[in-house]
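These notes concern the structure reproduced below.
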Amino acid sequence: LIAALTLLPRQVTLQIAGDGDSDYRRQLEAMVDAAGVGERVIWRGFLTGGAKENFLREIDLLAMPSRYECFGMVAAEAMAAGTPVLVSPETGVAATVAETRSGVVVAPTGAAVAAAVRELAAQPSAHAELSARCVSGARRAFSMETHGAAIASVYGRLRDAGVEEKVACLTT
């Protein structure tokens, strides 16, 4: 994201939410300083509850171009808040983002991220369409009803395959 920021117009800012290892934070700060984009980076820290919800509604795009992310809960939360997401193919939620058309899936490189952000910024109507699809897409993909139906389907396939004793163990 820092590399992408150097390729984007000066009005584009990066808000970094979350917290972690202090050595890692210092490395990120050094990268920001070396790239000369310090005035365009806002460090929000760890956000919870209402502050997190507000953050997800206030930003234009949640960018999470991870080199690996098992699922990507914050992307799902952003979608539920109506905020389009940018994720990499290596993010578990990438298939859902693509299927629901509630964001973009790009390679985790500065150039690819910058190109996607530029394209979204140049097409406000495309950004608005992504936003409009986020909430319904998140509801379809991540609701309790959807997960319940998926679990019931797995149990049904196990039963149909003659694995009834395992199904009984899973349900007790």
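The values are calculated or read from the model by the stated rules, or taken from the named source; none is laboratory data. Quick caveat, the model's predicted, so the values are computed rather than measured. Neighbour counts run over all protein chains shown; Cβ positions are idealised from the backbone, glycine included. The accessibility values were calculated without ligands, DNA or RNA, using every heavy atom of the protein model including side chains. Shrake-Rupley method; radii C 1.70, N 1.55, O 1.52, S 1.80 Å.
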Computed magnitude of the charge dipole of the chain (debye, nearest 20; Cβ of K, R +1, Cβ of D, E -1): 260
Heavy atoms of Glu90: accessible area, 1.4 Å probe, square angstrom to 10: 80
Accessible-area value, Tyr155, 1.4 Å probe, nucleic acids and ligands omitted, Å²: 70
Cα-centre dipole for the range 3-93 with unit charges at Cβ (Lys and Arg positive, Asp and Glu negative), debye to 20: 160
Gyration tensor verdict on the range 59-131 (Cα atoms; rounded if a/c is under 1.5, prolate if a/b is larger than b/c, oblate otherwise): oblate
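Whenever you get a sec, line up Ser131, Ser153, Ser102 from highest to lowest accessible area (probe 1.4 Å, protein heavy atoms). Could you put the intermediate results ahead of the total?
Details: Ser131 30, Ser153 50, Ser102 0 Å².
If we order Ser131, Ser153, Ser102 from most to least accessible, we get Ser153, Ser131, Ser102.
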The chain, accessible area per residue, ligands and nucleic acids excluded (1.4 Å, Å²): 59
Entry for Rg/Rh (Cα atoms, Kirkwood Rh) (calculated from the structure that is shown) out of (1) 1.07; (2) 1.14; (3) 0.95: (1)
Euclidean distance between Cα centres, the range 40-62 to the range 120-154, Å: 20
Degrees, to the nearest 10: 144-160 long Cα axis against longest axis of the chain: 40
Selected from Leu56, Leu28, Leu14 as most flexible by GNM, with the chain as the system and alpha-carbon contacts under 10 Å: Leu28
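Heavy atoms only, probe 1.4 angstrom, no DNA, RNA or ligands counted: give me Phe55, Phe71 ranked by accessible area, highest first. Kindly include the intermediate steps, with their values, before the conclusion.
Numbers: Phe55 15, Phe71 75 Å².
Of Phe55, Phe71, the descending order of accessible area is Phe71, Phe55.
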